Amino acid sequence: YEVASGGFLDKHIQLIRKLYHERRDVMLDSLEEHMPEGVKWTHPQGGLFLWITIPEGLDSAEIFKKAVKEKVAFVPGTPFHPLGGGNNTMRLNFSCEKPETINEGIARLGKVLREELSK
């Protein structure tokens, strides 16, 4: 009650909206810079995540294992498709990292995807 009625929540929401917007934009710019051709992503108007679609034939669960070795992580998309499918999708979170960390993570993920696509 105190948080909601004392004005803190309104101020905090404005702060995090600005922060998340900035981080989303950094991730979008990083994807443009580092992703190989054939990788697609959403441009969310809200929320904390981007959805990535990688070319058919690649499995995000297998990509995840290789990405972790490069010290970058994401959530494979398959669990979000309860009727099956989604093997070539992944969910990326931009809310918790600083812009420079986001850019580095996307660069690492792009490297992993380029290596997989070159096979």
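The values are calculated or read from the model by the stated rules, or taken from the named source; none is laboratory data. For clarity, every value in this text was computed on a predicted model and none was experimentally measured. For accessibility, only protein heavy atoms count, side chains too; no ligands or nucleic acids. Shrake-Rupley method; radii C 1.70, N 1.55, O 1.52, S 1.80 Å.
Counting protein heavy atoms only, region 1-118 has 55 percent of its accessible area on carbon and sulfur, 1.4 angstrom probe.
The relative contact order of region 4-119, computed from alpha carbon pairs under 8 Å that lie at least 6 residues apart in sequence, is 32 percent. Largest first, the three principal axis extents of the alpha carbons in the chain are 57, 34, 24 Å in whole numbers. Using the alpha-carbon atoms, what tilt in degrees (0 to 90, nearest 10) does helix 60-69 show relative to the longest principal axis of the chain? Tilt relative to the chain: about 80 degrees.
Every Cα-Cα pair of region 15-83 was included, and the share exceeding 13 Å stands at 71 percent. Roughly how tilted is helix 99-117, in degrees to the nearest 10 and between 0 and 90, from the longest Cα axis of the chain? Result, in degrees: 20. Legend: distances between Cα atoms for Lys11/Lys69; Lys40/Lys119; Lys98/Lys119; Lys65/Lys98; pairs beyond 28 Å are Lys11/Lys69; Lys98/Lys119.
Against the chain, whose longest principal axis comes from its Cα atoms, helix 8-34 is set at around 20 degrees.
Counting only heavy atoms of protein chains, what accessible area per residue, in Å², does the chain have with a probe of 1.4 Å?
On the way: 7660 Å² over 119 residues.
Per-residue accessible area for the chain comes out at 64 Å².
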